[in-house]
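Since the structure comes first, as structure tokens, the remarks are kept for the end.
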């Protein structure tokens, strides 16, 4: 049952991401990327968890992740996102944004695009804290409070929103193809329509009064108005961006900063959070009606299925379990996914039945049998 | 001064030429060394411009050993949570299992190092890794023996069994040789055949020895009965079974019978025709000369010791060990060869002199990892109670602090050190306080992690200092919003005042506020400093004004001055802000309010006149100031007139 094992990798892991799988096949992911931080020499690395051959699974044999290749990275890797199957974008503490290509035939990594000092102060570097991409568009945010839009295939910058935030923007996610959402260090969510030329957000939501810094955000894969955030106090907030400017529900999750929150991409009744307190939580809410499976888009087909979803928004049976009010607490189950440990779990990613996370204890944990 | 136990090692500083003088500065884990000019005055010769960093503990920088540090950190934290109040009987198995965990981590590390050492092409790296492997081997050997003797503290009978396991684990080359022999075409005729058999017997692995002998027996049908006899002797040798019903005395009697039987066989020359079998027979009797003839196979004096105990004193008591150990070491080592550090450490362990073991290990090994963790474990087993240091708190804490300080100098492993400091009750906190402030903060995320460490431990001084560093950096980069957030987090009123001041200056210069998203959402944080409160309230006034809620705006504006929230320097701006309100068609300021405004203006002008005789100010500015005052006076007078009229009019 508990098939989670630690691999010590001699570097503190700041980010872990599964390489996307083609949604036509029912494959489980088998390659993931990691980024390190706080090392003299930081790296991004690609790992394989081996073939998912039937025999290996039946034996319950779990091989260690094997290092495929790595590439040095200037500065801490503060964020990491796959652009497509081969390309990955990193956000660096030097303010640089880099696109790497993973050549799978030769198992090498090369830099295909590099924007130095994309985020900066007049006379210093500003760390780039978050990146989100929807190929070929890349959106980055930083401690300098700027939002920058790139295209993976163009050298120049497409768009810059100067002074988008007076404090640090910690994370960014897409709401729709043209709308992004940022969270900042004074507890605000800001919605931006990147088609508009104006340099002000279309909407600001905030936690009332507390100004608790928010560190991570993820959007419900099917219902684009539902957003989960995690902050410094370890609380999990679920927001309905259509309604009101306060969170829909607040749940106590961790005892320290929540570094990442992720809805399961194909089964969004499941949600995963990790934190500075060294824990990784699996949240499960039981929805009252079984959603038709055709409405549950995969990660990469999400744009298509989203447009199919839009008119169904008013349908009662489709109201997400995450928004079913306070009573949902009773039906919300959480479970710890890691053996007790004291050092921060900085990042997690979940795809299919596989979950990977990385810690400040220089360990990577892979669980290939997440029950979703 | 205390005596030095051993001559300290000499480190050559390559770039410092002979005859020069050196200066140095202590660091937490290393020393900085630089060349100095040792002349009282007039020295003009150019010195070397380098500063050298001398590290004692360089293992910390090995990428593979980092796994050891990380994994053992986890075990260490687990050990600290074992409850003190449990009866020692239920704690002992836990300690043994923790000790085994530590050892398995060492072993895993060793295997990986070995692999890299073998696979690398770089000769230097191979040697370096090879050296690390041998150090880890020694560490594991010592640890294992300490586990048997101190932690598990096996009684007579099972003590020998544990020692046998210990020797078998660390003398694994027998198995390699056996594999080689067995894989050859005819194992029985292999030249190492008898070496393997004898080695098996020396380690008490009689079952395996018998299997090997069976191969030889089939080749020599003539000597079958002799082989049969040896097989019987080997199979009958009694071993103590700690879990069984047999008492130690019963075992002893049985063993003596067996011993006499073997002796009889030797006396009646049963094996006289086969040299090898005769040797085995003598080994079974524990014949010292025969054993010493097989030094090559034994390899070490402690193997000799265990073999000798096995065949002469199987019921040895822990307290008797030191006697045999000493004699075995003297017998085994040539009189001319000096015992190596490892030998004396093991001997000290056999003598149950824990402190000597730890002391010798500290001197011999180049890292603190081993002594710190072992001492901590032994301390939990309550084995170090009696000893006091002349310095620091106690031995455990001293070693943990040394180890953790070393970790803290590492750019990445410093996070591990925190838990070690936490478990040093006396000085841990002071160490942590001093070190944590010196962690370089490159990003906010790192700063947040450091802050979390400080906040969890109520280290408010450090929290303030970290927030201040971050606020200063934000301020330097002109990020007022960030700077304010940091000072609010630190509850640093003075700094918040400073930044609010900057916001107000910016407003005066540009006429608009920057960072509205922050100022509009200050909430209760506004109360941190007077100036911040003013900033928030002043912004509120602007919002009211924009929303055309004039009377509320007017009331707020007035209260900012009368309640002395606004700094005097800002009154002019506030009064100027009142101008458009005074000029509105309808009356906004009541007569009373107007009087108060006039009073404020009076206060301001009188203080201006007395305080600043305006010598250095350019005339133009003075003029503008005067015009403003005139305008204000006029507007106030007109407003007062209108207000009196309005208030005097009876509404019909």
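As a ratio to 2.2 N^0.38 Å, the alpha-carbon radius of gyration computed for the stretch B:245-335 takes the value 1.18. Could you let me know the centre-to-centre spacing of the stretch B:157-171 and the stretch A:147-161, using Cα atoms, in angstrom? With the stretch B:157-171 and the stretch A:147-161 each reduced to a Cα centre, they are spaced 68 Å. Neighbouring Cβ atoms from other chains, within 10 Å of the Cβ of residues in A:164-172, number 5 on average.
Please state, as a whole number in µm²/s, the translational diffusion coefficient that the Stokes-Einstein equation yields for the stretch B:432-487 at 37 °C and 0.692 mPa s, with Rh defined as the Kirkwood radius across alpha carbon pairs. This corresponds to a translational diffusion coefficient of 292 µm²/s. Eigen-decomposition of the gyration tensor built on the alpha-carbon atoms of chain B gives equivalent ellipsoid semi-axes of 87, 28, 21 angstrom, largest listed first. The fraction of Cα-Cα pairs per 5 angstrom bin, counted from 0 for the stretch B:167-316, comes to 2, 9, 19, 21, 22, 15, 9, 3, 1, 0 percent, rounded to whole percents. To the nearest ten degrees, helix B:341-350 and the longest principal axis of the Cα atoms of chain B are 80 degrees apart.
Here residue B:317 and residue B:131 are evaluated by their C-beta separation; at R0 = 41 Å the FRET efficiency comes out at 0.60. What is the stretch A:169-257 by shape, rounded, prolate or oblate, if you read a ≥ b ≥ c off the alpha carbon gyration tensor as root eigenvalues and call it rounded for a/c under 1.5, prolate for a/b larger than b/c, and oblate otherwise? Note, shape of the stretch A:169-257 comes out prolate. The stretch B:454-468 and the stretch B:532-593 have Cα centres separated by 39 Å.
In this rough spin-label picture, where each label sits 7 Å from Cα along the Cβ direction, the residue A:27-residue B:429 distance is 5.6 nm. The convex hull of the Cα atoms of the stretch B:519-611, projected and averaged over all directions, covers 6.3 nm².
The mean of 1/r over all pairs of different alpha-carbon atoms in the stretch B:239-283, once inverted, gives a Kirkwood hydrodynamic radius of 12.0 Å.
Before anything else, pin down the relative contact order of chain B: Cα pairs under 8 Å, at least 6 apart, normalised by residue count, whole percent. Taking the mean separation of contacting Cα pairs over the length of chain B, I get 8 percent. Take the Cα coordinates of the protein assembly as shown, assign each an equal point scatterer, and use the Debye formula without solvent to give log10 I(q)/I(0) at q = 0.04 Å⁻¹. Values, matching the q order: -0.32.
With an a/c value of 1.5 or above and a/b not larger than b/c for the gyration tensor axes a ≥ b ≥ c computed over the alpha-carbon atoms, the stretch A:220-280 is described as oblate. Secondary-structure-derived ellipticity at 222 nm for chain B, considering helices only, amounts to -20500 deg cm²/dmol, per-run term -39500 (n - 2.57) for DSSP H runs with n ≥ 4. Principal-axis analysis of the Cα atoms of chain B puts helix B:301-312 at an angle of about 50° to the longest axis. Net length available on complete extension from residue B:641 to residue B:569 is 23.1 nm, with 0.36 nm assigned per residue and the Cα-Cα distance removed. Extending 7 Å from the Cα toward the beta-carbon at both residue B:550 and residue B:20 defines two label points whose distance is 8.1 nm.
Normalised size of the stretch B:116-172, defined as Cα radius of gyration per 2.2 N^0.38 Å with N residues, equals 1.53.
In the stretch B:122-230, the inverse of the mean reciprocal separation of distinct Cα atoms equals 16.6 Å; this is its Kirkwood hydrodynamic radius. Ranked by how many other Cβ atoms sit within 10 Å of their own Cβ, fewest first, the residues A:370, A:350, B:125 fall in the order B:125, A:370, A:350. Highest mean packing first, where packing is the average number of other Cβ atoms within 10 Å per residue, the peptides A:240-249, B:156-165 line up as B:156-165, A:240-249.
Bear in mind these aren't lab numbers, they're just calculated from the coordinates by the rules spelled out. Since we're looking at a predicted model, the values are computed, not measured. Don't worry about glycine lacking a Cβ; one is built from the backbone with ideal geometry, like all the others, and counts go over all protein chains shown.
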